[in-house]
Every structure is written in C-alpha cells, then in structure tokens.
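Below is one structure; the comments refer to it alone.
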Amino acid sequence: MPHAYIDLLSASLKRLEAWRQSYGPEQIHPSLVVPDERLHAVIAELVERLEGNYPFHHPAYAGQMLKPPHPAAWLAYSLAMTINPNNHALDGGPPTSALEKEVINDLAAAFGFPAAAMGHLTGGGTMANLEALWVARQSHPGKAIAYSQQAHYTHSRMCEVLGVEGIGIATDAGGRMHISALEAVADRIGTVVVTLGSTGLGSVDPLAEILPFCRSRGIRVHLDAAYGGFFYLLRDELPHSADWAALPGVDSLVVDPHKHGLQPYGCGAVLFTDPAVGRFYLHDSPYTYFSSAELHLGEISLECSRAGAAAAAFWTTLQLFPLVSHGGLGEVLRACRLAAVGLHKALQLSPLFEPLVAPTLDIVVYYPVAPGLEAVSAKSQAIFHAGMQGPPEQQLHLSLYKVQNELFRAQYPAIELPAKPTTVLRSVLLKPEHLPFVPELVRRLEHLYAVTT
Ligand SMILES: *Cc1c(COP(=O)(O)O)cnc(C)c1O
C-alpha cells in the first residue's frame, strides 16, 4: 500500500475536520465514546480475520473477478464516507450528486451515447440490469426477454422477479449468441440482452448482426457489459471489433465500475440512450426532492439510498484515469488483455495444459491434459485445491468453471462426451500486474500439475 496515499488521506481528513469545526466545536455524546483499549482490541481482531482472505491484490490470485480498488478510489471514498452523503436526492448531498452526474456524462461520452443520454450509478451490475430489464418490460409489455445461454444468470432470475418470460438463446463454440436461434423466437420477444464480455468466458455476442436484426423488428437491445464494458476503449485492438464498434447503437447499457473501473464494491452504472424512459420512473415522494427543481438522481433510480462516496471515488478515479485508450484506463485494460493473450500462448505451448477457447478479453479458460473428460474434471479440482496450499509466496489461486462438453468436441472428436458438464480452470487476469507474472504463473501451474494426482 503506497504510504503517500495514507499520508494524503490523513492530511485531507484534517482539512475536512476544519470544515466540520467551522460549525462550532463537535460534541460527541457519551453514548458514542469507546475506550481506546477496547477499540484497539476489536480492530486487532478484525485485522486478523481479514487476513483470512485470499490474496486478491497479488498476481498469484488469478481466479475470480476480484481485486482491491485503486488507492485513489479508497482515499476518495474514505473522505466522502466521513460525511456520508446520500445520492438519492440532492438534499442528501449536492456535491456528490454533481460528481455522479459528471461521471455519467463521462461514461456516456466514452460509449458514444447521445449527449441527452440518461443514467446513474447503482449498487452494482445486478441492480443496474434489473432496472434496464424493468424499463424493457414497461416499454414492451407482454413480450419476452431473450439472452444467450452464456449471459449472467441474473437475467433469467430478474425475468422471474419482473414476471416476464425469459428465453435462453443457444451459443456457438465461442460462447456467442446464435443469430439463427434468435430468429426462431423473434416474434415473441420485446428485448434482447446482448452480452459483451460474458462473466464465464469473456465471450462477445455478435452485436453488429443482432442490432440491425432487432431494429428492423422493433425489438429493444439492452447491453450487459457489466464486466466487459470498459474494453470498449480498446475496441480497435480486440477480436470482434465490429461488435464493439456497434455498441453506441444499443438502447441501454450496464457497466460495473467495481469490476474494471478500479472501484470498491457498490458501484455499477446503467445508461439509457433515450431520456424519455424517465417517464417510467415517475413517482411522488413525500420525503425527498425539496432543495431544488434540478434532477434528483432518485427520480430516475429504483434504488433509494446510495452512497455518495461511490460517486466521489469514481469521479476521482476518472480524473486520474480518463476513459481513453492511451494514457488512461485503456493502459490498465491493455496490460490485462496482453496478460491473457500471453497466458493463452504459453498454455498452447505447454504439454500439460490446453486452453479451451481463445480469450476475447482477459479471461482464460483452460484445462489440464488428462485421459478423458472425467479425468480433466478431477485433475482441475486437484490443481485448484493444491494451489491454495503451502507458503503464501508459492500459492496460486485459480477458479473452477463448468463447461458444456460440446466445447471439447474439437479436442476429443473420437470419444462419446459425458452428459455431466466438465470442470475446468479459469483465470480472470483483471490486474495489470498479471502481465509480468505470466511466466511465473505458468511455472506454478506446471508445478501443480506435477504434484497432483
Ligand atoms: C458481474 C456481472 C453481473 C452482475 O453484476 P454485480 O455487480 O455482481 O451485481 C451481471 N452481468 C455480467 C455480465 C457480469 O459480469
């Protein structure tokens, strides 16, 4: 942890303290005072318990979509949190509401959305997608919502919540939605959820084909880019660049700053190209919206209370890492992408591992070479568990992933594929520090292969 950030946090807290004191000396009620000794003891216990975490900060953690926020984000979050503004209504925090509107404008501009686009931050991708699906239902009542079988499970679940029929559309060997399977149900659907960067494989649906298809039939297009969205900055360098280039044409978009935007959890975002969808949100709250006739973010949000600190953290981060391909957040994403390409190449060369599909973003799915798919599952699980054992400086943290066996057809053409899905290994390389670590990652993988049975 860079000490400069801790020093700056402490100096900035002192400045805020002066602002607080300007209202007169603070009186702390005796009911809120804690004895020093007790505080130290409890915090010591907390630290010990926190050390039970996996090392999300380290490149040897190459498992799930997890990493600490950038220290600038926690610095900003911590400062704002001491005030605890609520971005539901302007009354709850004018400055952080203004910061939120600025970051939404930055997001809209970066994604090529019209200047009038409407949106706000959310607690995360789940809430953001729920909101987009709710708007989809309101604008296309009685119609189903379609999503690929690689889409996040939240879509089928939220269709249940909303009482809308959800239809899973088959995907090809690369995890991309089959346009022909979509065509077959086109009459029933009002909205298609397109995923650019699926959570499992990082796969990218064929948006460039889906978009004109839907436009010609009056079908709405929602883009779930909770994970992959910021990769739009690198659209010219990625596979399926035509699908990325089509992104600005969608009706709504979800992106999670708490995944690839360097933020702590509690920061998703939803954007709508047409601000007229705001009419669905109309409500009359007896409690809020008094301080100004300007837009209160709660007027266009399903969630009520939301941390103004999340807006402060994301705004600060975007000042330091603008949404550009060179010199800003793009550099971070490029290193992650190169790490994935590097790992994929190394696994192709290794006699002990095979990549399952070529990575489209920074997620690599691969498996240990074994005689048959049951053996692949068993060996993957053995490597996964063995990686977390031993001294910290030798560990390797991976994640497991269940895949449909059809994806193995090319590798095992001759054998009868078992019905049960196969468990393979998955590494989300969402830290730029993974890039220089790839050779060591492969060395540890091969070592784990050798010591497991
Ligand atoms: C993570 C993710 C979600 C869910 O978002 P949360 O922030 O975890 O609530 C939805 N869709 C995709 C594609 C995701 O990667």
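Working from label points 7 Å from Cα in the Cα-to-Cβ sense, the Ala242 to Asp7 distance is 5.4 nm.
Per residue, the chain exposes 46 Å² of solvent-accessible protein surface, assessed with a 1.4 angstrom probe and all protein chains in place.
Per-residue extension of 0.36 nm, minus the Cα-Cα distance of Leu400 and Glu209, leaves a gain of 65.6 nm for this segment.
Here segment 272-417 has an Rg and Dmax of 24.1, 71 Å, counting Cα atoms alone.
The residues Met65, Met81, sorted by heavy-atom accessible surface at 1.4 Å with ligands and nucleic acids left out, run Met81, Met65 from largest to smallest. Surface composition of the chain: carbon and sulfur make up 58 percent of the accessible area, probe 1.4 Å. Taking each residue as 0.36 nm, the span from Arg15 to Glu393 lengthens on full extension beyond its C-alpha to C-alpha distance by 132.1 nm.
For the set Trp74, Trp19, solvent exposure ranked by accessible area (probe 1.4 Å, protein chains only) runs largest to smallest as Trp19, Trp74. If R0 is 60 Å, the Cβ-Cβ spacing of Ala109 and Leu349 corresponds to a FRET efficiency of close to 0.90. Considering segment 190-255 at the alpha-carbon level, its Rg and Dmax are found to be 11.0, 33 Å. So what is log10(I(q)/I(0)) for segment 129-275 at q = 0.12, 0.14 1/Å, when the Debye sum runs over its Cα atoms only? The computed values of log10 I(q)/I(0) come out as -0.43, -0.59. Structural descriptor for the chain: relative contact order 20 percent, calculated from alpha carbon pairs under 8 angstrom and at least 6 residues apart.
Here is how the number arises for the chain: DSSP H runs of 4 or more residues each give -39500 (n - 2.57), the sum is divided by the residue count, and the result at 222 nm is -12500 deg cm²/dmol. Here Ser156 sits with roughly 50 square angstrom of accessible surface, probe radius 1.4 Å. Sorting Tyr23, Tyr61, Tyr265, Tyr449 by solvent-accessible area of protein heavy atoms yields Tyr23, Tyr265, Tyr449, Tyr61, largest first, with a 1.4 Å probe. Using every Cα-Cα pair within the chain, state what percent have a distance larger than 37 Å. Tail of P(r) above 37 Å: 32 percent of Cα pairs.
Sorted on the mean count of surrounding Cβ atoms within 10 Å across their residues, most packed first, peptides 344-351, 423-430, 173-180 read 423-430, 173-180, 344-351.
Per-residue surface analysis assigns Thr199 an accessible area of about 40 Å², computed on protein heavy atoms at 1.4 Å probe radius.
Taking 0.36 nm per residue of separation and subtracting the Cα-Cα distance, full extension of the segment from Ile83 to Ile179 would add 29.6 nm.
Straight-distance candidates among the lysines for linking to Lys431, with alpha-carbon spacing under 18 Å and chain neighbours fewer than 8 residues away dropped: Lys67, Lys259. Heads up, I need the accessible area for Glu26: 1.4 angstrom probe, whole protein in place, Å², nearest 10. The accessible area of Glu26 comes to roughly 80 Å². FRET efficiency for the pair Ser22 and Glu433, taken as 1/(1 + (r/R0)^6) with r the Cβ-Cβ distance and R0 = 41 Å, rounds to 0.45.
The values are calculated or read from the model by the stated rules, or taken from the named source; none is laboratory data. Bear in mind that the values here come from a model prediction, so they are computed numbers and not experimental data. FYI the Cβ positions are ideal-geometry reconstructions off the backbone, even for glycines, and counts take in every protein chain you see. Surface areas here come from the heavy atoms of the whole protein model, side chains and all, with no ligands, DNA or RNA. Shrake-Rupley method; radii C 1.70, N 1.55, O 1.52, S 1.80 Å.
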